[in-house]
Amino acid sequence: QYLASQYLTMNGKSATEHPAEVQAGSHQSWIIEKVAPAQLSQIVEAIVNTFDSQQVDEARLQRCRDQIRSLDRSGTEGDADRLSRLILDALDPLASGARGLDQLDQISAQEIGTFLARTYHPGTVRIAIVGPYDPAPIIQMMKESLATIDAGEDLIPPPALATTPGELDPIASTVTDHGMVACGWRVPRPGTLESLPLGLFVPRLRRALEAEKGSCSWNPILEPEIVIIRQPIVPSPSTAEQRISRAIHQLKGAVSYALDHPVSGEILMQSRSGTAILLGAYRVHDPTSMIDPYPAAEALMLRRVFAMNESQLRNNFGRMAKEQLKKLKMDHIQTDQTVTGVLTP
C-alpha cells in the first residue's frame, strides 16, 4: 500500500516544485500536495491522469523502494518505532502479516499495477481541495474529467483478526542505557459518539506525559482506532527492574489523571480547537484556515472518510464529560484490553 502510494507521487506530472507528501497507515493512504491557487488546475489534471497510469515502470519502482528505505530511522527513534509496531500488531493484526518486515524487493511491478487497478479508481478515492480559489470551475473540471473513467468495483475489506492484549516479550534497545515502556489500546472509531471522550483523554494524556518527557500517539489519519503512550526509562543508579517499574507507574499515573481527574474549562476549550476538530465535533476557524488551509483540508477529509455528523457530535462533545470518560475507561482502557511492551536498556 505504501509502496503503491509513493509510486503514484513519482509520476513526473506534478505541477509543484516539491514532491507530494504520502501518509500511509494500516487501512488507508493519504497523498497531500500543497499548491498555489494558480497551479490548481494542473494538479487536478495530474490527479485525473494517474487513474489511467496502471503500467508500472520497474526503474521508477526501484527508486520508490530506495526512498522508503531512506526514511527508516535508527537509534532511539528507530527503537521507538519497533516497539510501536509490535503493539500495533497485537491491537490491530493484519492479514498481510506483521508490520516492519522489509519485503519491498519481493513486490513486483506487475503486483503494484494490479494493486493500483483494484484499489485506485474514482470509486475508492476521495479528493479534498481547500484554499482561496473559486470552486465552481474546478468542480466542473472534475465532473467532466472523471465522468469518462470507470468507477471500479468496491473493495472487499480484509478479515478482521483477533487482538492479543497482554505483555509483549521485551526487546533490547540498540542504544546504550536507553529504554522505554509503552502501552496501547483500541479505541472507538472517529465520527461516533463513543469516540468523543478521546477529545479530552488524548490532550490530558499528552499534558501529563510531557512533564516526564513521555508521549501519546493518536493519529486519526494513520491509525484512527489506536492510542499508544510511551515513557522513557530514565538512566539512574537503580537497577533495570526498578527503572522499568518507575516508568510503568508513570504511565499508570498519566492514564489515571486523563480518565479520572475533573475536566476543567481550560482543557475543554483547548480540546474544542484541537482534538475535537479531528473527531468531527468542531470546524477549523476561518482565520486559521486563511493562514494555512491544510488543517481545514485534513478535517474535511476526515469528515468524508468517517461520514461524520457534525451537529450530533458537537452537541454531545464535553457534555457529561465525567460519564463519557468513565465509559471509555470501562469499555476500552482496562488491564485485559491493554498491550504493554518494554524496550529494555
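Please identify the chymotrypsin sites (Phe, Trp or Tyr not before Pro) of the stretch 36-143 that satisfy two criteria: DSSP loop assignment and at most 16 other Cβ atoms within 10 Å. Which are they?
Passing both the DSSP loop test and the Cβ count: Tyr133.
Show the residues, 5+ positions off or on another chain, whose built amide H is closer than 5 Å to the amide H of Ala24.
Trp30
Would you look at the GNM of the chain, springs on alpha carbons closer than 10 Å, and say which of Ser271, Ser238, Ser256 moves the most?
Evaluated over the chain, the most mobile residue of the options is Ser238.
Calculate what fraction, in whole %, of the accessible area of the chain sits on carbon and sulfur atoms when a 1.4 Å probe is rolled over the protein chains.
It is 53 percent, rounded to a whole number.
Measuring from centroid to centroid over Cα atoms, what is the spacing of the stretch 235-305 and the stretch 115-146 in Å?
After rounding, the separation between the Cα centres reads 32 Å.
Identify, among Val130, Leu328, Ala98, the residue whose Cα sits farthest towards the positive end of the charge dipole of the chain, taking +1 on the Cβ of Lys and Arg and -1 on the Cβ of Asp and Glu, with the dipole about the Cα centre.
In the chain, that residue is Leu328.
Compute the projected area of the convex hull of the Cα atoms of the chain, averaged over all viewing directions, and report it in nm² to one decimal place.
Projected over every direction and averaged, the Cα hull of the chain covers 19.1 nm².
Just to be sure I follow: if Rg is taken over the C-alpha atoms of the stretch 35-186 and Rh is the Kirkwood radius over the same atoms, what is Rg/Rh?
With Rg and the Kirkwood Rh in hand, the quotient comes to 1.06.
As an exercise, identify the trypsin sites (Lys or Arg not before Pro) in the stretch 209-305 lying in DSSP coil whose Cβ has no more than 12 other Cβ atoms within 10 Å.
Lys213
Taking the Cα centre of the stretch 30-126 as origin, work out the dipole magnitude from +1 charges on Lys and Arg Cβ and -1 charges on Asp and Glu Cβ, in debye rounded to 20. Can you show the working numbers first?
On the way: 11 positive and 15 negative charges, 35 e Å.
It works out to roughly 160 debye.
As a check on your grasp of the helix formula, calculate [θ] at 222 nm for the chain: sum -39500 (n - 2.57) over DSSP H runs of n ≥ 4, divide by the residue count, round to the nearest 500.
-13500 deg cm²/dmol, from helical runs alone.
Provide, for the chain, the number of lysine pairs with alpha carbons under 30 Å apart, each pair being eight or more places apart or on different chains.
12
Glu153 to Thr176: FRET efficiency via 1/(1 + (r/R0)^6), r the Cβ-Cβ distance, R0 56 Å, to the nearest 0.05? The partial results should precede the final answer.
Numbers: r = 53 Å, r/R0 = 0.94.
Approximately 0.60, to the nearest 0.05.
How far, in degrees from 0 to 90, does helix 135-146 lean away from the longest principal axis of the Cα atoms of the chain, to the nearest 10?
On a 0 to 90 degree scale, this one is about 70.
Just how far, in whole angstrom, is the stretch 316-345 from the stretch 174-193 if you go by their alpha carbon centroids?
Between the Cα centres of the stretch 174-193 and the stretch 316-345 lies a distance of 12 Å.
What list of ³J(HN,Hα) values in whole Hz, one per residue of the stretch 118-127 in order, does the Karplus curve 6.51 cos²θ - 1.76 cosθ + 1.60 (θ = phi - 60°) give from phi, with Gly and Pro shown as x?
These are the phi-based 3J(HN,Hα) values: 7, 10, 10, 8, x, x, 10, 9, 10, 10 Hz.
What's the angle, to the nearest 10 degrees (0 to 90), between helix 75-91's Cα axis and the longest principal axis of the chain?
Orientation of helix 75-91: about 90 degrees from the principal axis.
Rank Glu225, Glu153, Glu241 by mean-square fluctuation in a GNM of the chain with C-alpha springs under 10 angstrom and give only the top-ranked residue.
Glu241
How far apart, in nm, are the 7 Å Cα→Cβ label points at Glu241 and Asp66?
With each label point 7 Å from Cα toward Cβ, the separation is 5.1 nm.
If you project the alpha carbons of the stretch 142-259 onto the principal axes, what extent comes out on each, in Å, largest first?
Each principal axis gives a Cα extent; for the stretch 142-259 these are 69, 31, 28 Å.
The values are calculated or read from the model by the stated rules, or taken from the named source; none is laboratory data. Just so it is clear, the structure is predicted and the values come from calculations on it, not from any experiment. Every residue, glycine as well, gets a Cβ built from its backbone with ideal geometry; the counts of neighbours run over all protein chains shown. Note: areas computed on protein heavy atoms with side chains; ligands, DNA, RNA excluded. Shrake-Rupley method; radii C 1.70, N 1.55, O 1.52, S 1.80 Å.
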